[in-house]
Every structure is written in structure tokens, then in C-alpha cells.
1. Touching a His at 6+ places or on another chain (Cβ under 9 Å) and either touching a residue at least 40 places away in the same chain (Cβ under 8 Å) or of a type in the set (Phe, Trp, Tyr) (or both): is that true of Asn74 in this structure?
2. Is the stretch 176-183 home to any residue that is in the same structural domain as Tyr218 (by TED's automatic domain parsing), in a loop (DSSP other than H, G, I, E, B) and surrounded by 14 or more Cβ atoms within 10 Å (Cβ to Cβ)?
3. Under the condition of being within 15 Å of Glu86 (Cα to Cα) and of a type in the set (Val, Ile, Thr), which residue from the stretch 143-168 is surrounded by the most Cβ atoms within 10 Å (Cβ to Cβ)?
4. Let me spell it out: the conditions are (1) closer than 27 Å to Asn220 by Cα; (2) surrounded by fewer than 19 Cβ atoms within 10 Å (Cβ to Cβ); (3) not basic (Lys, Arg), and Phe97 meets all of them except one. Which number is the exception?
5. Given the residues Leu128, Leu202, Leu163, Leu134, which is the only one that is of a type outside the set (Val, Ile, Thr), assigned by TED's automatic domain parsing to the domain that holds Ser226 and outside any strand (DSSP E or B)?
6. In the stretch 184-206, what count of residues is obtained for those that are buried (at least 21 other Cβ atoms within 10 Å of the Cβ) and at pLDDT 95 or above?
7. Do the conditions hold for Leu94, that is, is it farther than 27 Å from Ile23 by Cα and out of contact with any helix residue (DSSP H, G or I) (no Cβ under 8 Å at 6 or more places or on another chain)?
8. Please verify whether Arg84 is farther than 30 Å from Lys189 by Cα and buried (at least 18 other Cβ atoms within 10 Å of the Cβ), treating the condition exactly as stated.
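The values are calculated or read from the model by the stated rules, or taken from the named source; none is laboratory data. All values reported here derive from a predicted model rather than from experimental measurement. Backbone-built Cβ (ideal geometry, glycine too); neighbour counts: all protein chains shown.
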Amino acid sequence: MRIISTMQPVSTGGIPQEAIPEIGRIGLGKLAQTEGGKVYPTATDYFVPRGRAQDLFTQLYGPEPRQLPICFYNDAEEASCNVRLEIRDRKGDLYAFSDGQTFYFRPKDGSPGYTKLVTLQQVPDIALGIEAHLQKGLAPDKAKYIVWKPTLSLRFMIRDFPLVGYWQIMTHGAQSTIPQVTNMVDTWKQLLGSLCMVPFVLSIKRGKSSDKAKQFTYLNLLPDFSLDHARQFAQNRPKEPATLPHASLLNPPPIGQPDHVYEPTVVSLPAGNV
């Protein structure tokens, strides 16, 4: 598992500096409403744009796009393809995150950022303690959802989009999306030396559980270049990976709901697709 390997606390109120700005986020679900007026998240099998460029996104790719031509602009894992453990409270707000060794907490006074650090060496049972604290007082059928979950953050540029900037997707999918995407990124980065501006296609697909009882959506990342182009990329590989200044993930925007909208409980993909 990867996590921000060089994370440092961000001072309260600090403004992260980026070489390339964020122009939008892409959700894998939307909010639906029951007849009684209760709002709840539901997964979609198409990308849902959010942010200042969402209208232009919809004009270019339609109301229900399922495939995007993308490229990464930064070889730093924490900026392009990052995985961390997250746990959210009963409201859906991010309470803490971790790389499995160091834990970052939301300040109790409500100030921005996640700057409180606790390590496993200091408190060996901290992960279980946090779960027990957040689950306290909840019925078992609700408490079971408040657990640590691997979360993938992808930041990329859309190759034929007319504005320069990156888009971000955050999603779960420990048995489907995360291994497929991270393996694809790691494999081609090792072969080519750098993935900056190398063309890929990001798709959203629908799968079924092994017993066919449940459906779920997952991401799929594939190279969008020929073998000859791969040889050219490899021959011209840079001496060092391309890394750019980027916003720290220690200061996520204050949101009442996770911007990816929770995927359904992760279940196994059919044999051969996991």
C-alpha cells in the first residue's frame, strides 16, 4: 500500500501551492431521494463531474460518460495515484487517515487541516480504538460501516479538455478498483520511467458479485498507446521522475459528504477480474 511518504503537517490556514490547478472533481455516484424526502448516496455507472468546469465537461462528453482519455502530469505517488486508509464519522465527514503507521486527525476545534500525529509505536491499538470510539452508541447494522477503508485518490488531466488543470477522483474498491489501477500505474511507470503526459483511458464499469446477488461499479485503467510508442517512451525516459509542487492531502476541503459518494460494500469480482 502506498501513502504520502513525505507528509508533513500543514499549518492551520496554510495555502498549498500547486504547479497545476484543480479544475474539477469526478464522482462515481450521485445523491438520490426517497418518496419520504430522505437523501441517500447511490452509485452510478458513469462519471459525474463537479466543480467550475462541470458544464463544459458535460457539453464535451455527454450526460453519462463512461470513458475518459487521461494522462498523469506528476510522477509523485501522493499527487497522482495515492492510497491511504480513511475512517469517517456517522455524518460522513473524514475523521482520520493513515498510512498504516502514522495517523492524522481532524482538530477538535474545527480548524482546517489534519495535523495531529499519532504513531503505532506510541499507541499500538490506535486503529481499533478509533473504530470503537466512532461506533459507540450505534446499532450493529450501522456501526459495521464505520471502519477503516482503503481510499484511492487519482489526479490527472483530461487530454482533449480545453482547459489546463487536473481532475480528481476518490473511491474505495479494495478488491477491484485499487489493485487494478495501482498495478497498471506501477507497471508502466517502472517500464517507461515516467508517466507524465503518457496517454491512458480511464473507464467506469459495472460488475457483479460472485453469487450474482449484487452489482457494483469499479474503475479500469488501460494504456492508450501502441507497442512502438511504448518503446519510444522507454528510449526517451527521463533520468529522474517528473515531480511538481502539489496540494497536500492533509487539507481536504470541508465537505458534509465524501465527494466520491460511497460505493456499495465491496464484494468480490467474478473469477479472473479481481
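1. Working: touching a His at 6+ places or on another chain (Cβ under 9 Å): yes; either touching a residue at least 40 places away in the same chain (Cβ under 8 Å) or of a type in the set (Phe, Trp, Tyr) (or both): yes.
Against the criterion (touching a His at 6+ places or on another chain (Cβ under 9 Å) and either touching a residue at least 40 places away in the same chain (Cβ under 8 Å) or of a type in the set (Phe, Trp, Tyr) (or both)), Asn74 qualifies.
2. Yes, the stretch 176-183 has at least one match.
3. Ranking the candidates gives Thr151 first.
4. For Phe97, the failing item is (2).
5. Values: Leu128 fails: assigned by TED's automatic domain parsing to the domain that holds Ser226; Leu202 fails: outside any strand (DSSP E or B); Leu134 fails: assigned by TED's automatic domain parsing to the domain that holds Ser226.
Being of a type outside the set (Val, Ile, Thr), assigned by TED's automatic domain parsing to the domain that holds Ser226 and outside any strand (DSSP E or B) holds for just one of Leu128, Leu202, Leu163, Leu134, which is Leu163.
6. 2
7. No: the conditions fail for Leu94.
8. Spelling it out, it is not the case that Arg84 is farther than 30 Å from Lys189 by Cα and buried (at least 18 other Cβ atoms within 10 Å of the Cβ).
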